[in-house]
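First the structure, in the form of structure tokens, and then the observations on it.
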Amino acid sequence: MPIQSLLDFRDPSICKRLVIKIGSALLVDATGQVEAEWLRTIVNEIATARELGIEVVVVSSGAIAIGAKKLDFPDGGRRTLAEAQASASVGQIELASVWSKLLAERRLVAAQMLLTLDDFESRRRYLNISATIRRLLKSGVVPVVNENDTIATGEIKFGDNDRLAARVAQACDADGVILLTDVDGLYDRHPNDPEAERLAEVRGITAEIHDMADSESGSGVGTGGMTAKLLAAEIADRAGIALAILDGRPENPLARAMASQAGTIFVPQREDSGRRAWIGGRMRFNGSLTVDDGCVTALRDGNSVLAAGITRVAGNFKRGDIIQVLDVAGREIAKGLVEYSADDVEAIMGKQSGELEAILGHAPRSAVIHRDHLVMM
């Protein structure tokens, strides 16, 4: 049974594997130093979870913020890509050292994993990530994951560790994700508004829920914001993983949130297979297909993308690529593994199945994107 409440996150019969993400604003102070005493309370909570039988993976921000202060870079080291990468190179050493030291105090071994968006977009590398994390957990190790900002560019970058945490949770088949941040959940309007109310539970992320989000990071240190957290919740939801946004500012934040029932939990509404969850979590694409309203209706009824319903082809994709499916208004309605190259789709779009062999010169495949390789958004 999937997680249904905050208390379920500390029940090993329900939550056997947990991903905890910690934002830069919590972990690094204004002088660029790690909040070691606060972090020690988090480590104690990780150790308690391990004693209960819950495996824990950490996604830790903070490397750029730490390195920028050491290098005396302005704007948190994010003024240029080169400064961000240099900051990460310096900060990651210290960040890993702190995690290793504090976990060792509780007789736990830390493992560092630095990953990029490309690592998750490649099916082979994604499966390697999954295997590595599972093996580390089986050995009693606490993996500490961060984006590899020393090499990541705009094209191969998550841009926030919220979505990274959700993808890590997918890869290791976690039951829950906890995002520790500097707010205590999702509010129906900006939290500074005196009439704002916190949502204790969300079942299904709708356009109305997205409208509540603030896309900016409140601290000026991180790169997330509530929009990124909602996108992470959508990624988790596709794999049947619950996600909670909790206030990480006090010491022992997990225990405090559980005791007070403060925070927002996103209860999953679907549970795609591992491959479908991977497809649904994809963030980069070599192209897209635009389909007509009839095709949209057919897809929502569980059908495949056929050539007859395609009105536009964009990009330079090849057979086997994961691409987007858009409606006539340009909204993403699905992602899927395409059975034809972009040139072939352009040649057959709008055509009926009986016409395809004459156009292509060979027997056509059953669909442009088969329903077994299609994930609705």
Between a first residue in the stretch 350-375 that is in a helix (DSSP H, G or I) and a second residue that is exposed (fewer than 14 other Cβ atoms within 10 Å of the Cβ) and at pLDDT 85 or above, which pairs have beta carbons less than 7 Å apart while being 6 or more apart in sequence or on different chains?
Arg371/Gly302
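Restricting attention to the stretch 221-262, and to residues there that are among the basic types (Lys, Arg) and in contact with a helix residue (DSSP H, G or I) (Cβ under 7 Å, 6 or more places away or on another chain), which single residue is farthest from Arg189 (Cα to Cα)?
Per the stated criteria, the residue is Arg238.
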All but one of (1) at negative phi; (2) over 20 Å from the mean Cα position of the chain (by Cα); (3) surrounded by fewer than 19 Cβ atoms within 10 Å (Cβ to Cβ) hold for Asn252; state the number of the condition that does not hold.
(1)
Among the residues of the stretch 140-152, is any modelled with pLDDT of 90 or more, more than 20 Å from Ile14 (Cα to Cα) and over 17 Å from the mean Cα position of the chain (by Cα)?
yes
Please determine, by comparing only the residues of the stretch 14-29 that are more than 16 Å from Asp173 (Cβ to Cβ) and more than 18 Å from the chain's Cα centre (by Cα), which one is surrounded by the fewest Cβ atoms within 10 Å (Cβ to Cβ).
Asp29
Could you check how many residues of the stretch 329-349 are over 26 Å from Asp237 (Cβ atoms), in contact (Cβ under 8 Å) with a residue 12 or more places away in the chain and not hydroxyl-bearing (Ser, Thr, Tyr)?
8
For Val345, are the conditions met, namely being in contact with a helix residue (DSSP H, G or I) (Cβ under 6 Å, 6 or more places away or on another chain), within 15 Å of Val291 (Cα to Cα) and of a type outside the set (Phe, Trp, Tyr)?
no
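The rows are residues; the columns are (1) part of a strand (DSSP E or B); (2) within 30 Å of Ile279 (Cα to Cα); (3) aromatic (Phe, Trp, Tyr); (4) modelled with pLDDT of 95 or more.
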{"site": "Ile46", "(1), (2), (3), (4)": "no, no, no, yes"}
{"site": "Val56", "(1), (2), (3), (4)": "yes, yes, no, yes"}
{"site": "Val59", "(1), (2), (3), (4)": "yes, yes, no, yes"}
{"site": "Gly67", "(1), (2), (3), (4)": "no, no, no, no"}
{"site": "Ser89", "(1), (2), (3), (4)": "no, no, no, no"}
Is it the case that the stretch 257-268 has a residue that's without any contact (Cβ under 8 Å) to a residue 40 or more places away in the chain, of a type outside the set (A, V, I, L, M), not in a strand (DSSP E or B) and not assigned by TED's automatic domain parsing to the domain that holds Glu234?
no
Kindly indicate whether Leu114 is within 16 Å of the chain's Cα centre (by Cα) and surrounded by 15 or more Cβ atoms within 10 Å (Cβ to Cβ).
yes
Those residues that are at pLDDT 85 or above and not in a loop (DSSP other than H, G, I, E, B), I need them from the stretch 174-207; list them, please.
Gly176, Val177, Ile178, Leu179, Leu180, Thr181, Tyr187, Arg198, Glu201, Val202
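The values are calculated or read from the model by the stated rules, or taken from the named source; none is laboratory data. Please read these numbers as outputs of a predicted model, since none were measured by experiment. Here the Cβ is made from the backbone with ideal geometry for all residues, glycine too, and neighbour counts use every protein chain on show.
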